[in-house]
Amino acid sequence: MSENNARLVKNCLETPDGTILYSRHRHDYAHHIDENGKTYFTDGGLDYVRCSANGDEIHHHVWNDDPFDKVREAVEWGTYGKDGDNPLSWKRLCDMTSDHIEAILENVPSISSLHREIFNLELKHRESEDATHFIFSNN
């Protein structure tokens, strides 16, 4: 955690050859041998950051106290599709439908309190965007 008790919502890094390494859960070690011959890695999921320090990687860590536009683009949800019969894919929160977010909040009791809070903020964000759009489109 950061010094202000912010929580990690995205743990990934980009190597010089453009490879993106994600660590989505604790001890989810991901590594890559880059075109330059160096090894890059990230680990820790959303619990901690442990990563390579070659000095030429780009860290794409996002915390819940970053600007919300950055958070909503960083938070991802793993899904097997509406009927649960598709391969696992990761959807960014900003790309999910409101119905999908509401279904998760209603039907996934194991959702973390952090994700619950962020998903609710996303729904409020969309409501305020809709209201702003309505006001400006009716003037």
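Which pairs turn up if I take residues in region 91-113 that are in contact (Cβ under 8 Å) with a residue 24 or more places away in the chain and assigned by TED's automatic domain parsing to the domain that holds Arg126 and look for partners that are in a helix (DSSP H, G or I) and among the polar types (S, T, N, Q) with beta carbon separation below 6 Å, at least 6 apart in sequence or on another chain?
none
Which members of region 85-103 meet the condition of being in a helix (DSSP H, G or I) and of a type outside the set (Gly, Ala, Ser)?
Leu93, Cys94, Asp95, Asp99, His100, Ile101, Glu102
If you scan region 1-33, which residues turn out to be outside any strand (DSSP E or B) and crowded, with 18+ Cβ neighbours inside 10 Å?
Asn11, Thr15, Ser23
State all residues of region 51-76 that are touching a strand residue (DSSP E or B) at 6+ places or on another chain (Cβ under 7 Å) and free of Cβ contacts under 8 Å to residues at least 24 places away in the same chain; if no residue qualifies, say none.
Asn54, Lys70, Glu73
Thr42 is checked against (1) assigned to a strand (DSSP E or B); (2) among the hydroxyl-bearing types (Ser, Thr, Tyr); (3) more than 20 Å from Ala6 (Cβ to Cβ) and fails just one. What number does that condition carry?
Looking at each condition in turn, Thr42 falls short on (3).
Are any residues in region 83-111 surrounded by 11 or more Cβ atoms within 10 Å (Cβ to Cβ) and more than 19 Å from Glu73 (Cβ to Cβ), and if so, which ones?
Glu102, Ala103, Leu105, Val108, Ile111
Go over the candidates Val71, Val49 one by one and state the one that is of a type in the set (Val, Ile, Thr) and under 24 Å from Thr97 (Cα atoms).
Val71
Have a look at Tyr48, Tyr29, Tyr40 and point out the one that is touching a residue at least 24 places away in the same chain (Cβ under 8 Å), closer than 27 Å to Cys94 by Cα, outside the structural domain of Gly78 (by TED's automatic domain parsing) and aromatic (Phe, Trp, Tyr).
Tyr48
The values are calculated or read from the model by the stated rules, or taken from the named source; none is laboratory data. Here the structure is a predicted model, which means the values were calculated and not measured. Backbone-built Cβ (ideal geometry, glycine too); neighbour counts: all protein chains shown.
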